[in-house]
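Here the structure comes first, spelled out in C-alpha cells, and everything after it is commentary.
The values are calculated or read from the model by the stated rules, or taken from the named source; none is laboratory data. Quick caveat: nothing in here was measured; it's all calculated off a predicted structure. In this analysis, Cβ positions are derived from the backbone assuming ideal geometry, glycine residues included, and neighbour counts consider all displayed protein chains.
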Amino acid sequence: MQRPTFTARLLQKACISESAQCYHLEFVLEDMESFDFAAGQFISAVAPDHRGKMQTRAYSIASAASSNKFDMCVNRVEGGFFSNFLVDLPEGQTVQIHGPHGNFTLRNPLTDSIFVATGTGIAPMRAFTQWFFPESGPHAGQDRSEGRQIWLVYGTRYESELYYRDYFDRIAAEHPNFQYITSLSRAHEEWPGLRGYVQEHVGSIVESRIPSSATVAAKVSETVVAVQDIMVAELPTFDIHTYICGLNDMVSAVRERLTSYGWHKKQIIFERYD
C-alpha cells in the first residue's frame, strides 16, 4: 500500500562542515498546521532519480517537534543520489516525504541516559537534547530531564566534523546534568580532548557508576556480589539506558561493550545505517 506523502519546502540550509560536506537543512510542511513526531524518529524522502525511477531514503529528524517544521543533517555522498539531491536543493524548493517513522525514541519512565553517536548519527541526539531542554516553542525554558544524568558521547575523525558543537557546548554549560563528551579517531597533535573510539568512553561512564551500585547491593544482601550479578538483579527496573546511532560497526562495538557489563538488551536502544 502506497503511503501518503507531504510536501516539505526547504526554508534554509547551511554547510556545517566543509571537510565532510555536511549540511543542516530546515524544512516546513506548509499544508500542515503541525507535524507531530517523537524525538528520535525519522522521515522518508521520495524523489525520482535521473532515470525517472522513484527513490526513497530514510533520514533521522535532527530536531524536536516544533509546529510544522523539522530539521535534517545530511552529508554529500560521492556517487550517491538522494543525499546529494537534498544538499543541492535550492532554498524554496520542495521534496516529498512520508512519516514520521521509527521506534528510536526515549523510553518511559525517563532514566539516566547515555547518547552515543558518530557522524550524522548526531541528528536524533540533537532532537533528544532539544526535547529535554527546549529553547523555543510553548515549552521554551523548561527542563524536562527530571534531573536525570545525560551523557552525549560523540565520536568522529576530525575536529572539523563535530557537527552542532556550539549548540551542545552551550547546553552543557547551562545544564550541569548534561555532559558533552567528544572523541576524535584521527586527531591532530594539538587536539586537547579525548581520542579513540566511542565504546571506550562509554565503558568509562558505566564503570564510574558501578561502585555506587555495588554499595547499595552490598547493604541489601550483606554479601560480596559480582558486578554482573548486580546488573542482572536490577534489570526489572532499569536506572539507565543507552541510545546509539551510527554505522553498523560502531553500534555493534558499543552493544558488545555494554553487554560485557551485564546490560540487558532492553537497556540498549539503537538505530544503525550503512
(request) Could you tell me whether region 184-197 includes any residue that is in contact with a Lys or Arg (Cβ under 8 Å, 6 or more places away or on another chain), at pLDDT 95 or above and of a type outside the set (Ser, Thr, Tyr)? (result) yes
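Residues checked against (1) assigned by TED's automatic domain parsing to the domain that holds residue 23; (2) modelled with pLDDT under 95; (3) touching a Pro at 6+ places or on another chain (Cβ under 9 Å):
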residue	(1), (2), (3)
123	no, no, no
136	no, yes, no
144	no, no, yes
150	no, no, no
182	no, no, no
(request) From 31, 49, 36, grab the single residue that is within 22 Å of residue 243 (Cα to Cα) and either surrounded by fewer than 16 Cβ atoms within 10 Å (Cβ to Cβ) or not aliphatic (A, V, I, L, M) (or both). (result) 36
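Looking only at region 135-177, which residues are among the small types (Gly, Ala, Ser) and either in a strand (DSSP E or B) or surrounded by 21 or more Cβ atoms within 10 Å (Cβ to Cβ) (or both)?
The initial filter retains those residues of region 135-177 that are among the small types (Gly, Ala, Ser), namely 136-137, 140-141, 145, 147, 155, 160, 172-173.
Hit for region 135-177 is 155, nothing else.
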(message) So if I check each of 145, 136, 113, which one is of a type in the set (S, T, N, Q) and closer than 27 Å to residue 23 by Cβ?
(response) 136
(message) I'd like the residue in region 110-134 that is farther than 17 Å from residue 272 by Cα and part of a strand (DSSP E or B) and, out of all such residues, is nearest to the chain's Cα centre (by Cα).
(response) 113
(message) Looking only at region 77-112, how many residues end up being surrounded by fewer than 14 Cβ atoms within 10 Å (Cβ to Cβ), within 14 Å of residue 49 (Cβ to Cβ) and not aliphatic (A, V, I, L, M)?
(response) 3
(request) Return the residue satisfying two criteria in turn: it lies in region 2-42 and is among the aromatic types (Phe, Trp, Tyr) and outside any loop (DSSP other than H, G, I, E, B), and of such residues it is farthest from residue 124 (Cα to Cα). (result) 6
